Amino acid sequence: MSRLWAFFAGVWLVGSCLPQAAESALPIPRFTDISVEAGLRVSHLSSPEKRYVIESMSGGVGFIDCDNDGKLDIITINGSSVDRYRQGGDPMITLYHQEAGLKFRDITAEAGLTTRGWGMGVAVADFDNDGWEDIYVTGYGGNVLYRNLGNCKFQDVTEKAGLRVGGFSAGAAWGDYDRDGNVDLFVPRYVVVDIHNLPAFGSDAKTCRFRGVPVQCGPWGLPGESDFLFHNRGNGTFEDVSKKAGVDDPEHRYGLQGVWADYDNDGWPDLYVTNDGNANYLYHN
Ligand SMILES: [Ca+2]
Ligand SMILES: [Ca+2]
Ligand SMILES: [Ca+2]
Ligand SMILES: [Ca+2]
């Protein structure tokens, strides 16, 4: 009987609270697409036909205040297609500077963000602590570290910094895992793809079919790639500490993105890594 009372009391409470909650609820925020008026007009490059696993991945977006004027500027990352990549690829980044009145201006060329390829992700941080935010862009065939020289002028310092990661990486995450004041970089990688030798759509009865229906090949059936953690030496260069730190992914799972956060509040940033089609990693620091 007491259970019944509890049940009815619960129903009554819920029922009596609902109108009150609705009355006191704040108005739901509404969003309006202002991209065209704001000047954000770049076309997003992707391959809707998705013939190959690499064409199932496209570009993301990010914010940066590249001139320290207190207003966020926008980075959009451009994907590509197999045919376009074979001919040199597409500009990996479009950078929009935020002007007055919520208007944005494409400053990619004058900013020196000229590298072409197949862009996928972006991670922004001031890796050299000079007060200017820098850009790490990921993708297929070679990631790029752009150092902000000031006022949104960038220089490709990838080789000098030791961050020329090849292969297929969708994401990256900055985090100062050893708390020495210099931000470090984690770069998970996805799957081995040879763009000049791609398995044809539906070609393999085991790995290119889903319940009998022909699909793109992979990631199943294709080898995965290892992950990277780069320690920032504080002098503009990085060292590969992936193995030493235990985050190199010897099983070669299909890594997509990593996130740094101190989940147990012990002061040390921990790392969570998402893997496609397999268990994710939670690395306790
Ligand atoms: Ca700005
Ligand atoms: Ca910087
Ligand atoms: Ca560090
Ligand atoms: Ca921790």
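Against the condition more than 16 Å from ligand 2 (Cβ to nearest atom), in contact with a Leu (Cβ under 9 Å, 6 or more places away or on another chain) and of a type in the set (A, V, I, L, M, F, W, C), how does Ile75 come out, does it pass?
Against the criterion (more than 16 Å from ligand 2 (Cβ to nearest atom), in contact with a Leu (Cβ under 9 Å, 6 or more places away or on another chain) and of a type in the set (A, V, I, L, M, F, W, C)), Ile75 does not qualify.
How many of the residues in the range 168-185 are in contact with a helix residue (DSSP H, G or I) (Cβ under 8 Å, 6 or more places away or on another chain) and away from ligand 3 (no atom under 15 Å from the Cβ)?
To start, the set of residues in the range 168-185 that are in contact with a helix residue (DSSP H, G or I) (Cβ under 8 Å, 6 or more places away or on another chain) comprises 168, 177.
Next cut, away from ligand 3 (no atom under 15 Å from the Cβ) only: 168.
Final tally of qualifying residues: 1.
Please determine, by comparing only the residues of the range 142-160 that are surrounded by fewer than 19 Cβ atoms within 10 Å (Cβ to Cβ) and assigned to a strand (DSSP E or B), which one is farthest from ligand 1 (Cβ to nearest atom).
Restricting to residues being surrounded by fewer than 19 Cβ atoms within 10 Å (Cβ to Cβ) and assigned to a strand (DSSP E or B), the top hit is Asp156.
Is it true that Ile54 is at pLDDT 90 or above, assigned to a strand (DSSP E or B) and not acidic (Asp, Glu)?
When the stated conditions are applied, Ile54 does not pass them.
Here is a check on your reading of the model: is Leu163 within 29 Å of Ser56 (Cα to Cα) and not in a strand (DSSP E or B)?
When the stated conditions are applied, Leu163 passes them.
Residues that are buried (at least 20 other Cβ atoms within 10 Å of the Cβ), at least 3 per element: which strands (runs of 3 or more DSSP E) completely within the range 68-121 meet that? Give the derivation first.
Numbers: elements: 73-77, 93-98, 104-106.
Of the strands (runs of 3 or more DSSP E) lying wholly inside the range 68-121, those with at least 3 residues that are buried (at least 20 other Cβ atoms within 10 Å of the Cβ) span 73-77, 93-98.
Answer yes if at least one residue in the range 84-94 is closer than 28 Å to Asp204 by Cα and either within 16 Å of ligand 2 (Cβ to nearest atom) or in contact with an Asp or Glu (Cβ under 9 Å, 6 or more places away or on another chain) (or both), and no otherwise.
So far as the range 84-94 goes, yes, one or more of its residues are closer than 28 Å to Asp204 by Cα and either within 16 Å of ligand 2 (Cβ to nearest atom) or in contact with an Asp or Glu (Cβ under 9 Å, 6 or more places away or on another chain) (or both).
What number goes with the only condition from (1) of a type outside the set (D, E, K, R); (2) within 16 Å of ligand 3 (Cβ to nearest atom); (3) out of contact with any Ser or Thr (no Cβ under 8 Å at 6 or more places or on another chain); (4) without any contact (Cβ under 8 Å) to a residue 40 or more places away in the chain that Thr207 does not pass?
(2)
List the pairs whose first member sits in the range 35-48 and is under 23 Å from Lys71 (Cα atoms), whose second member is of a type outside the set (S, T, N, Q) and loosely packed, with under 12 Cβ neighbours inside 10 Å, and whose Cβ atoms are under 7 Å apart, counting only residues at least 6 apart or on separate chains?
Note: pairs meeting the criteria are Ala38/Leu102.
The values are calculated or read from the model by the stated rules, or taken from the named source; none is laboratory data. Being a predicted model, the structure only gives us computed values, none of them experimental. Glycine also receives a Cβ, built like all others from the backbone with ideal geometry; neighbour counts cover every protein chain displayed.
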